[in-house]
Amino acid sequence: MRVKRGVIAASALVLSLSLAPRALADPTAEDRAAADVLFREGRALIKQGRYALGCSKLVASQKLDPMAGTLLALADCYELNGETASAWATFNDAEAMARKAGDPRRSKEAARRADLLEPQLSRLVIEVAPEARIEGLEVRRNTKLLDAALFGSAIPVDPGEHTIEAAAPGKKAWSAKVLIEPEAGQSTVRVPRLENAPAPEAATAHAPERLARAHAATSAAPAASSWSAQKTVGLVLGGVSLAGLAVGTVFGVDTLLKVGEARSQHGCTDDDPPRCDAEGIKLHQAANTTANISNVAFAAGGAALIAGLVVFLTAPSSEAAPKAALELRLQPAVGVGTAGMSLRGSF
C-alpha cells in the first residue's frame, strides 16, 4: 500500500507541475508568486511525510491562485493523510476545474483518482425520526450546521471522531460522539426526540411576590430597630436603678458604722453639731458625706427603676431579641462640703 501511494503521489505531483490554463480567477502577479512559493513548500513537506502541514500550504496556494494542478496535489495530500472524504471531494473539484479550463489530461486523471477512492470511503448516516423533527431543530456535525436534506443520507466523512449535536428552543441539548474507522463502511447515529428543558426557575415566575416580601421586610426594618432601641433603653435604665440601689445601700451602711464608732469610741452626742473630740468630729463629717451619697444613689436608683419599667413595658413586641452590650460605672463624687454620684455607661 505504501508503494502504491508513493506512485500515485508522484504521478499527481508531476502532472500538477506541467503547464495548464489557469482558472478563471484573476490573481495579481504577487498572488501568483506567493502561490508558487506555497505550492513548492507544500510539496516538500509532503515528501517529508508531514502531510497535515503540507496540505495547509497547498490550501493557501489554491486560495491565492486557483489551479486544477494545485487541487490535484492537494487531493493527493489529503489521501496520504488518511482524509479520504476530503481527498475524494477535492479530486472531483479538480476534475471539474480542469474540464472547464480545457485541460483533458488533468480532468481525466482527477476522475480516475476519484473513482479509485470512492469504494474506500467511510460514510456516516445521521437519522432524525419524523417525531424528532420539531420546529427550530438544529443538528450539527463537528459544530457545522447540517441541512435537513442530509438527514438519512450516507455522507462521506473523514475517519476519526465526530461529534453530533442537536438543539431546539425549549428543549434539552443532546450530543453524541462516533468514531469512524479508516476503512470502507457505514456508521449510523440516531438523533432522539429532544426532552423538554426544565421550566425557568420558580423564583423568576414569582419575582413580583418575592420583591413584595423583600420590600415589606425592608420597610419593617426601621420599626424593628425603633422598638429594639426602646427596650434596650429600658434595660439600661434597669441596670442604672440596680447600681444606684446597690451604691445607696453600701454608703448607707458605711454611714451607720461611722456614726456608731463616733458614739462608742469618741463619746459624741446627738446634738447638732455633736459634742465630741476632734476625731469624733471627723467621723461625723465623713458620715454626713456618705449619707448624702447614699440618699442620692437611692433616689437616682428608684427613679431609674420606674422609668426603665415604663420604657420596657411600652415597647412593641417582636420575635427578635435586642442585642445590647452594656457597660455601667457608678462613681461617687466627694468634695469638701459636697457629696454626689456620677454614672457613666455605653451600649
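The values are calculated or read from the model by the stated rules, or taken from the named source; none is laboratory data. Please read these numbers as outputs of a predicted model, since none were measured by experiment. When we count neighbours, we look across all protein chains shown, and the Cβ atoms used for this are built from the backbone with ideal geometry, even at glycine. Heads up: the accessible areas ignore ligands, DNA and RNA and are worked out on the full protein's heavy atoms, side chains in. Shrake-Rupley method; radii C 1.70, N 1.55, O 1.52, S 1.80 Å.
Kirkwood Rh over Cα pairs of the range 48-136 into Stokes-Einstein at 10 °C, 1.306 mPa s: D in µm²/s? Stokes-Einstein gives a translational diffusion coefficient of 111 µm²/s.
Placing R0 at 35 angstrom, the Cβ-Cβ distance between GLU30 and THR143 gives a FRET efficiency of 0.55 after rounding to 0.05. Largest first, the residues GLU183, GLU79, GLU138 sort by 1.4 Å accessible area into GLU183, GLU138, GLU79. Close amide-amide hydrogen proximity is noted between GLU83 and no other residue 5 or more places distant or on a separate chain, at a cut-off under 5 Å (H modeled in the peptide plane; Pro and chain starts excluded). Computed from the C-beta positions of ARG40 and ALA199 and an R0 of 51 Å, the FRET efficiency is 0.25 to the nearest 0.05.
Under Stokes-Einstein, with the Kirkwood radius over Cα pairs as Rh, the value for the range 29-79 at 25 °C and 0.890 mPa s is 238 µm²/s.
Using a probe of 1.4 angstrom and keeping all protein chains present, the accessible surface of the range 54-139 works out to 42 square angstrom per residue.
Ranked by the mean number of other Cβ atoms within 10 Å of their residues, highest first, the peptides 66-76, 109-119 come out as 66-76, 109-119. Scanning residues 5 or more positions from LEU124 or on other chains, those with amide H under 5 Å from its amide H are ILE155, VAL157, SER187, with H placed 1.01 Å from N in the peptide plane.
Each label point was placed 7 Å from the Cα along the Cα-to-Cβ direction; for LYS108 and GLN186 their separation is 3.4 nm. Checking the Cα-Cα distances for LYS144/LYS177; LYS144/LYS172; LYS57/LYS108; LYS47/LYS144 against a 23 Å cut-off, the pairs over it are LYS57/LYS108; LYS47/LYS144. Please list, or write none, the lysines whose alpha carbon is within less than 25 Å of the alpha carbon of LYS282, excluding same-chain residues fewer than 8 places away. Partners found: LYS258.
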